[in-house]
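Peer 1: One structure, as structure tokens, below. Some questions next.
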Amino acid sequence: MMVWLVAVLLLMPAAADAQRRPARPKPRPAAGPAQFPIVEIAVEDNKRYPADRIIAAAGLKRGDPGEKAAFDAARDRLLATGHFEQVGYRYEPSADGRGYKVVFEVQEAEPAYPVRFDPLGVEEEELVAWIRARHPLFDNEIPATDVLLKRYTASVEEFLESKGAPGKIVARVVAERPDELEILFRSAAGDPAVAEIVFEGSRVLSNEKLLDLFAGIAYGSPFREPLFRQRLDRGVRPHYEKLGYLDVRFEDLRAEPAKDGVRGVIVHVRVAEGEPFTLGDVALDGFSPVAPADLLREGRFQSGETANMEEAAAGVERMRRALRRSGYMNAKLDIQRKLDAEKLTVDLTVVLESGDRFDFGKLEIVGLDINGEAAIKKLWLPKPGQPFNADYPDFFLSRVQEDGIFEALGKTSAELKINEAEKKVDVVLYFGAVPPPPKPKRRF
């Protein structure tokens, strides 16, 4: 009994001490790996769009967490703009080791066309700045995809509404200037039609004469200044240049609403005719396989006379035909002018690209029997390997008709088969018989 009591007394101090000692804290969970920020963003293979705008459209900023999910989302945002056909990216530790460098590799959508706005009653610079603030990739040229045209059309409409001038807008790819496509944003209401044209300041060609030349192609058409000027250049300018007025200008174009309830506009055109020019020197630029002096004589240019540009163009065509008669089937000639406003003279330079010479290949005859073919082949002069004369086949057929070689010969024609690879021209001559006279109608 005494032994048990002693054991209890010995244990009591230890138990009391254990009750006073605080419990040890539980260990904290281990920290995860450190997350590095984006410290550099770059763009490769961009041509049309500046890198800073592409980065803005991607929606990434320096200091953002460098996560693959963020990079994927930025790539998807760039693709969704419609300005790129493909977007890829790569990321790597930055040079200073403090984070990631992200590089976007882009392939821009093609083709892209210049952007033009019709007058919409607002400041164009303010409109463009407004769109670009919301769409960083909007630029002077954009791809003509449906996605982009709809997006930017909606932006223009939003801007107009914010200015208290709501209206529907359409965007189209148009060609109002020769060989020049552009994206035009304009009112969906359409353009007013040309109801009347008034030429002012014309002396050489009267207002009545100008209207005769021009009204048929302008009246009733939508009035758009670039298109109207293009029609003036095509329909009126050549008639002035035929008379030597090479500096004629259509200086002022203004449209006003038509009167008396007529729908459309009256277009006033102020004409500055200038003075007539005299033809000066005519020179040839480029290698000529025909003696240059002989080739220029083919043009029959009248130096010292009034500069008739219609006749000058006809002279260049005669020169081209002379080259084709020597086998140069693809010869190209262009006129360049040099005006002297003080002397009122114009010098012309005919720029020549003769191209390769083509030789005659073989003759094929269709529509004649054996005897007829033999007769034609005997009369045909060109031999294989000789420089091909492009005028000869038609000349030959006209002589066959005139000389009456065949009785009851109908329509004839010649076909030239040009072999660009071998630089040869084969000729096919077609001979048709005269159709029989119609049978007389029977009388009952």
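Peer 1: Can you give me the relative contact order of the chain as a percent, contacts being Cα pairs under 8 Å and 6 or more apart?
Peer 2: Details: 704 pairs, mean separation 36.4, N = 444.
For the chain, the relative contact order is 8 percent.
Peer 1: Still on this structure: Mind jotting down the distance between the C-alpha centroids of the range 136-190 and the range 39-63, whole Å?
Peer 2: 25
Peer 1: Output the Cα-based Rg and Dmax of the range 222-324 in Å, rounding Rg to one decimal and Dmax to a whole number.
Peer 2: Final numbers for Rg and Dmax: 19.5, 65 Å.
Peer 1: Note down the relative contact order for the range 194-272 as a percent, whole number, built from C-alpha pairs under 8 angstrom at least six residues apart. Numbers along the way, then the final one.
Peer 2: Working: 106 pairs, mean separation 35.5, N = 79.
It rounds to 45 percent for the range 194-272.
Peer 1: Another one. What whole-number distance in Å separates the alpha-carbon centres of the range 352-388 and the range 258-330?
Peer 2: 33
Peer 1: Right, something else. Taking the 0 to 90 degree range and rounding to the nearest ten, how far is the long axis of helix 124-134 tilted relative to the main principal axis of the chain, both from C-alpha atoms?
Peer 2: That helix lies at roughly 40 degrees to the long axis.
Peer 1: What is the dipole size for the range 38-108, taken about its Cα centre, with +1 at each Lys and Arg Cβ and -1 at each Asp and Glu Cβ, in debye to the nearest 20? Intermediate results must be reported in sequence, preceding the final value.
Peer 2: Numbers: 11 positive and 13 negative charges, 35 e Å.
Charge dipole of the range 38-108: 160 debye, to the nearest 20.
Peer 1: Now a separate question. Rank by packing, highest mean first: peptides 259-265, 57-63, with packing defined as the count of other Cβ atoms within 10 Å averaged across residues. Working shown, then result.
Peer 2: Numbers: 259-265: 11.0, 57-63: 15.9.
Highest-to-lowest ranking by the protection proxy: 57-63, 259-265.
Peer 1: What number, in percent, do you get for the relative contact order of the range 310-444 if the mean sequence gap of Cα pairs under 8 Å and at least 6 apart is divided by its residue count? Each step should come with its number before you reach the end.
Peer 2: Working: 194 pairs, mean separation 31.9, N = 135.
Relative contact order here is 24 percent.
Peer 1: As a test of understanding, state the convex hull volume per residue of the range 112-187 from its alpha carbons, in Å³.
Peer 2: Working: hull volume 6.3 nm³, N = 76.
Given the Cα convex hull of the range 112-187, per-residue volume reads 83 Å³.
Peer 1: How far is helix 309-325 tilted off the main Cα axis of the chain, in degrees rounded to 10, range 0 to 90?
Peer 2: So the inclination is approximately 90 degrees.
Peer 1: Report the FRET efficiency, 1/(1 + (r/R0)^6), for R321 and R234, where r is their Cβ-Cβ distance and R0 is 22 Å, rounded to 0.05. Don't jump to the answer; show the numbers that get you there.
Peer 2: Working: r = 25 Å, r/R0 = 1.12.
After rounding to 0.05, the efficiency reads 0.35.
Peer 1: What is the sum of charges, Lys and Arg at +1 and Asp and Glu at -1, for the other residues whose Cβ falls under 15 Å from the Cβ of P257?
Peer 2: Working: positive: R254, K259, R263; negative: D191, E196, E256, D260.
Here the count lands on -1.
Peer 1: Any idea what the dipole of the chain comes to, in debye rounded to 20, about its Cα centre with Lys/Arg Cβ at +1 and Asp/Glu Cβ at -1? Let's see the in-between values first.
Peer 2: Values: 64 positive and 72 negative charges, 384 e Å.
That gives the chain a dipole magnitude of about 1840 debye.
Peer 1: Here is a follow-up. Excluding P276 itself, calculate the net charge of residues whose Cβ lies under 12 Å from the Cβ of P276, where each Lys or Arg counts +1 and each Asp or Glu counts -1. Don't jump to the answer; show the numbers that get you there.
Peer 2: Numbers: positive: R203, K242; negative: E241, D247, E273, E275, E305.
Net local charge, P276 excluded: -3.
Peer 1: Filter the chymotrypsin sites (Phe, Trp or Tyr not before Pro) in the range 195-267 down to the DSSP loop ones having no more than 16 other Cβ atoms within 10 Å, then list what survives. Intermediate values should be presented prior to the final figure.
Peer 2: On the way: sites: F199, F214, Y219, F223, F228, Y240, Y245, F250; in loops: Y219, F223, Y245.
Those that pass, being in a loop and sparsely packed, are Y219.
Peer 1: Identify all lysines with a Cα-Cα distance to K378 below 20 Å; exclude those on the same chain that are fewer than 8 residues away in sequence.
Peer 2: The qualifying lysines are K362.
Peer 1: Towards the positive end of the charge dipole of the range 278-353, with charges on Cβ (+1 Lys, Arg; -1 Asp, Glu), say which of V290, L348, N308 has the farthest Cα.
Peer 2: Sorting the options by dipole projection puts first V290.
Peer 1: The range 156-215: which trypsin sites (Lys or Arg not before Pro) are DSSP loop and have at most 16 other beta-carbon atoms within 10 angstrom?
Peer 2: Numbers: sites: K163, K168, R172, R186, R203, K209; in loops: K163, K168, R203.
Of the trypsin sites (Lys or Arg not before Pro), the ones in loops of the range 156-215 whose Cβ has at most 16 other Cβ atoms within 10 Å are K163, K168, R203.
Peer 1: At 1.002 mPa s and 20 °C, plugging the Kirkwood radius over alpha-carbon pairs of the chain into Stokes-Einstein gives what diffusion coefficient in µm²/s?
Peer 2: Details: Rh = 31.3 Å.
Translational D for this selection: 69 µm²/s.
Peer 1: Positive end of the dipole of the chain, charges at C-beta (+1 Lys, Arg; -1 Asp, Glu), about the Cα centre: which of G216, A171, T81 has its Cα farthest in that direction?
Peer 2: T81
Peer 1: Then there's this: Taking the Cα centre as origin and putting +1 on Lys and Arg beta-carbons and -1 on Asp and Glu beta-carbons, what dipole magnitude results for the range 112-187, to the nearest 20 debye? Please list the in-between numbers first.
Peer 2: Values: 10 positive and 15 negative charges, 61 e Å.
Dipole about the Cα centre, nearest 20: 300 debye.
Peer 1: Using only Cα atoms, find the angle between the long axis of helix 2-20 and the longest principal axis of the chain, and express it within 0 to 90 degrees, rounded to the nearest 10.
Peer 2: The angle comes out near 40 degrees.
Peer 1: Report, in deg cm²/dmol and to the nearest 500, the calculated mean residue ellipticity at 222 nm for the chain, where each DSSP H run with n ≥ 4 adds -39500 (n - 2.57) and the sum is divided by the residue count. Write down the numbers at each step before the final one.
Peer 2: Details: 12 runs with 143 residues, N = 444.
Using -39500 (n - 2.57) per qualifying helix, the result is -10000 deg cm²/dmol.
Peer 1: Which chymotrypsin sites (Phe, Trp or Tyr not before Pro) in the range 281-331 pass both tests, a DSSP loop state and at most 14 other beta-carbon atoms within 10 Å? The partial results should precede the final answer.
Peer 2: On the way: sites: F287, F301, Y328; in loops: F287, F301, Y328.
Here the chymotrypsin sites (Phe, Trp or Tyr not before Pro) that fit, given the DSSP loop and packing criteria, are F287.
Any read-out appearing in this document is the output of simple, stated calculations on the displayed coordinates, not a laboratory observation. Quick caveat: nothing in here was measured; it's all calculated off a predicted structure. Note that each Cβ is placed from the backbone with ideal geometry, even for glycine, and that neighbours are counted across all protein chains shown.
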